[in-house]
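The values are calculated or read from the model by the stated rules, or taken from the named source; none is laboratory data. None of these values were measured; they are calculated from a predicted model. Backbone-built Cβ (ideal geometry, glycine too); neighbour counts: all protein chains shown. Heavy atoms of the whole protein, side chains included, go into the accessibility calculation; ligands, DNA and RNA do not. Shrake-Rupley method; radii C 1.70, N 1.55, O 1.52, S 1.80 Å.
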Amino acid sequence: MLNWMQLHARAAFQALRGLARQPIGTVLSALVVGIALSLPAAGYLLLDNVATLARGVSGTPEISIFMRQDAGEGQLRAVERNLAADALVASFRHVSREEALRHLEQSGLGDVLGGLTDNPLPDAFIVVPRGDDPERYAQLHARFGDWDGVDHVQLDSAWVDRLHALLGLGKSAVILLAGLLGFALVVITFNTIRLQIMTQRQEIDVSRLLGATDRFIRRPFYWFGSLQGLLGGMVALGTVWLSVRALSGPVEGLAAAYGAVFQLAGPGVEESLVILGFAAFLGWFGSAISVRRHLSERLR
Amino acid sequence: MIVFDEVVKRYPGDYVALAGISFEIRHGELVVLSGHSGAGKSTLLKMIPVIERPSEGVVRINGQDVSRLRSGAIPYLRRNLGLVLQESRLLFDRSVFENVMLPLVITGHPPRDAARRADAALERVGLEGRGGEMPAGLSGGEQQRVAIARAIVNRPSILIADEPTAHLDAAYAGEIASLFKSFNEAGVTVLVSTHDEILFSRYQPRRLALAKGILVGDSAC
């Protein structure tokens, strides 16, 4: 185990020395990889912030049950009993026709209703469902519509669902972008390792003659690819952080203009580790393919 | 210890480099393989560390048939052999000391022990205190001595050298020959190829003579 760790430490050191030996090339590769990775990372972060904003704006979704104009007291009581007994209902409130009219008048639309002799508004129930499962809302929506005396059921969170669908589409686009740019990172590493193998041809041949195993020869290249990916990941994180810092002021100002409080969030510890790990993995993957493609010939 | 049994090596185009070579080298022998360029010396030596495999016949090292050795086992065979080639094959971006340490790094020796052994190997070839220098700053003879130090640092029981003095003048070549003799006196089996008939003559080695891939002489027979 100690020997294995020593060999890995040596390979990592050798890879670091390789990176340090060509500082310009290392910095340029890290920048290319970093900028490529910062695009999907920033996209993910943007969607995450929009989702947080949407959650804050929508609050708890409500379902409004509007009764028919001719619904009798018995039907109203029956709906109340049904709602009280429904396990999927967290709470509900009855809004009588009179109360609804009062609300409408208070909202400044009293003049519109002035010419009417009868109250045109129906009795209604405002229902808060239990949990936040959209399927549950749909179940309740369908069930309430079947009850006697009910004219119309309205799910108030429909626009949130549409927003969530859009966010889902955005996430798919970010994943696609991450896949494409990740592929670019793999290609960059593949080529860098190919050049490394070419420049270290003599060292590889001499090591083979002295009894180096394939694993011993391959190991520094794996480390090189992983470290290059990791450096790119750091550049990507730095780019995202700088962008968040630059945008947070204007975004807060915009939110304040709408009377809201919103703070743009940068990547957390977990997200940062995922970005770094993903970048290192892609670097390793690119080097593994390159080593397999270009070194196997020499090791045969 | 080293056995060649009816070994044939054919290259594409039906060029026969070795045509049914058989001999046996016992432990502790000093053997000089002689012959003109193209006689098959390098091909024969390359079969011991399995750089080349025979087309026919068997090569045995310490009883093990290495001609059919699987690829994964070859590095472990080479770790028990010392190899010195015509060109020193040193890594010029590393110090003399790092070059000599390389076989020990490959075998995963603890760094302190490896450093001690590398120092001892450099002392053995007369390059004590020169470990910090870069190979480019050394003469051809000194570079070849570094290559020899690298070959012996793992304390191999067999030392194989392919024309180690080919690019050296007579004085340096004599120094290298005496080094090989001293290793042989320490119990190492030495097999060295040369086209210089008189280089090792003062040490009275066993001589194997090759001509056009055929063993034409063996002083032990």
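Summary table below
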| item | result |
| --- | --- |
| Mean residue ellipticity (222 nm) of chain B, computed from DSSP H runs ≥ 4 via -39,500 (n - 2.57), nearest 500 | -9000 deg cm²/dmol |
| Anchor B:K46: lysines whose Cα lies under 17 Å away (excluding residues fewer than 8 positions away in-chain) | B:K9, B:K212 |
| Fully extended contour minus Cα-Cα distance, from B:M1 to B:E133, at 0.36 nm per residue | 43.8 nm |
| For the range A:136-151, Karplus couplings with θ = phi - 60° (6.51, -1.76, 1.60), whole Hz, Gly/Pro x | 5, 4, 5, 4, 5, 4, 5, 5, 4, x, 7, 6, 5, x, 7, 9 |
| Most fluctuating residue given options B:A211, B:A115, B:A171, as computed from a GNM of chain B linking Cα atoms under 10 Å | B:A171 |
| Calculated FRET efficiency for the pair A:H94/A:Q139, C-beta based, R₀ 30 Å, to 0.05 | 0.90 |
| Gaussian network model of chain A, springs between alpha carbon atoms under 10 Å - residue of A:R17, A:R219, A:R77 with greatest fluctuation | A:R77 |
| Listed residue (A:A12, B:G217, B:S22) projecting farthest to the positive dipole end of the protein assembly as shown, Cβ model | B:G217 |
| Order of exposure, largest accessible area first, which applies to A:Y258, B:Y15, B:Y203, A:Y137 with probe 1.4 Å | A:Y258, B:Y15, B:Y203, A:Y137 |
| Size of charge dipole - the protein assembly as shown - debye, nearest 20, with Cβ of Lys, Arg +1 and Asp, Glu -1, no other charges | 2960 debye |
| Residue-normalised accessible area of the protein assembly as shown, expressed per residue, 1.4 Å probe, Å² | 51 Å² |
| Spatial separation of Cα centroids for the range A:140-213 and the range B:16-74, in angstrom | 55 Å |
| A:S96 - accessible surface, heavy atoms, 1.4 Å probe, Å² rounded to 10 | 30 Å² |
| Value of [θ]222 nm, deg cm²/dmol, for chain A, DSSP H segments ≥ 4, -39500 (n - 2.57) each, nearest 500 | -25500 deg cm²/dmol |
| Gaussian network model of chain A, springs between alpha carbon atoms under 10 Å - residue of A:V33, A:V186, A:V150 with greatest fluctuation | A:V150 |
